[in-house]
1. Taking the stretch 123-166 only, how many residues are assigned to a loop (DSSP other than H, G, I, E, B) and touching a Gly at 6+ places or on another chain (Cβ under 6 Å)?
2. Please state which one of Ala48, Ala63 is within 30 Å of Phe99 (Cβ to Cβ), part of a strand (DSSP E or B) and at pLDDT 55 or above.
3. With the structure loaded, tell me whether Gly147 is small (Gly, Ala, Ser) and over 25 Å from Ser73 (Cα atoms) or whether it fails that test.
4. Here is a check on your reading of the model: is Glu101 in a helix (DSSP H, G or I), under 30 Å from Thr69 (Cβ atoms), within 33 Å of the chain's Cα centre (by Cα) and without any contact (Cβ under 8 Å) to a residue 24 or more places away in the chain?
5. In the stretch 134-155, how many are aliphatic (A, V, I, L, M) and either farther than 16 Å from Ala176 by Cα or touching a residue at least 60 places away in the same chain (Cβ under 8 Å) (or both)?
6. Against the condition outside any loop (DSSP other than H, G, I, E, B), in contact with a Phe, Trp or Tyr (Cβ under 9 Å, 6 or more places away or on another chain) and not assigned by TED's automatic domain parsing to the domain that holds Gly156, how does Val120 come out, does it pass?
7. State which residue is surrounded by the fewest Cβ atoms within 10 Å (Cβ to Cβ) when the search covers only the stretch 66-89 and only residues that are assigned to a helix (DSSP H, G or I) and over 11 Å from the mean Cα position of the chain (by Cα).
8. (1) crowded, with 17+ Cβ neighbours inside 10 Å; (2) touching a helix residue (DSSP H, G or I) at 6+ places or on another chain (Cβ under 9 Å); (3) not β-branched (Val, Ile, Thr): which one isn't true of Phe99, the others all being true?
Amino acid sequence: MKFIATALLLGTAAAPAALAQTTPTTPAPAAQTAPQGPAVGVTVKDTAGADVGTIEAINADLAVINTGTNKVSYPLNAMTPTPTGPIIALTKAQLDASFAEQQAKAAAELQTRLAAGTEVFARDGSTKLGTIKAVDAEFVTVTTTAGKDVRLPKGGFATGRTGVVIGMTAAEFTAATAGAAK
């Protein structure tokens, strides 16, 4: 009898422990992940969740997205933060196509501006370096503010806020053209 009583005591003592292990527990609430906005190194996705590219830089109110094909500036306020990173309303293909279209428009505008009489500025956009004298298939002849004519490759020009600019500072331009004949 002593054996049966001990077994019953052990059985009742063990039962609550066994029940405690099999009683379902209420799951803890899932941790809320804060929306992740634009930041350098973050992957940008489209609205379907496909990768568009990676943010390489943030400049003022624009993010530079590297799509693997192009590096495109995109407005920060047009990005929606989500727990997995920012999303935009364009696919990678649409963003690349938009960039190509903008580049084509800029090239056409530059070709229009590369004409005799157009002022040329340093890359700061405010320091006048000279005036275009002539343009051919490969070169632009600029008469500098010092009165020298210099031939520069077309690829060195771009459209700026004030007109046509070159990718040099005024000091770099003066040094590069110092040997030009008057």
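1. Step one: filter the stretch 123-166 for residues assigned to a loop (DSSP other than H, G, I, E, B), giving 123-127, 136-138, 145-148, 160-163.
Pick out the ones that are also touching a Gly at 6+ places or on another chain (Cβ under 6 Å) and you get 123, 125, 145, 160-162.
Summing the residues that are assigned to a loop (DSSP other than H, G, I, E, B) and touching a Gly at 6+ places or on another chain (Cβ under 6 Å) in the stretch 123-166 gives 6.
2. Details: Ala48 fails: part of a strand (DSSP E or B).
None of the others qualify; the one that does is Ala63.
3. Numbers: small (Gly, Ala, Ser): yes; over 25 Å from Ser73 (Cα atoms): yes.
It is true that Gly147 is small (Gly, Ala, Ser) and over 25 Å from Ser73 (Cα atoms).
4. Numbers: in a helix (DSSP H, G or I): yes; under 30 Å from Thr69 (Cβ atoms): yes; within 33 Å of the chain's Cα centre (by Cα): yes; without any contact (Cβ under 8 Å) to a residue 24 or more places away in the chain: yes.
Criteria met by Glu101.
5. If we filter the stretch 134-155 for residues that are aliphatic (A, V, I, L, M), which is where we start, we get 134-135, 137, 140, 142, 146, 150, 152.
Filter once more, keeping what is either farther than 16 Å from Ala176 by Cα or touching a residue at least 60 places away in the same chain (Cβ under 8 Å) (or both): 134-135, 137.
The total comes to 3.
6. Numbers: outside any loop (DSSP other than H, G, I, E, B): yes; in contact with a Phe, Trp or Tyr (Cβ under 9 Å, 6 or more places away or on another chain): yes; not assigned by TED's automatic domain parsing to the domain that holds Gly156: no.
Spelling it out, it is not the case that Val120 is outside any loop (DSSP other than H, G, I, E, B), in contact with a Phe, Trp or Tyr (Cβ under 9 Å, 6 or more places away or on another chain) and not assigned by TED's automatic domain parsing to the domain that holds Gly156.
7. So the first thing to find is which residues in the stretch 66-89 are assigned to a helix (DSSP H, G or I), and the list is 76-78.
Then keep just the ones that are over 11 Å from the mean Cα position of the chain (by Cα); that gives 77-78.
Details: Asn77: 9, Ala78: 13.
By that ranking, first place goes to Asn77.
8. (2)
The values are calculated or read from the model by the stated rules, or taken from the named source; none is laboratory data. Remember, predicted model here, so these are calculated numbers, not experimental data. Virtual Cβ from ideal backbone geometry, glycine too; neighbours counted across all protein chains shown.
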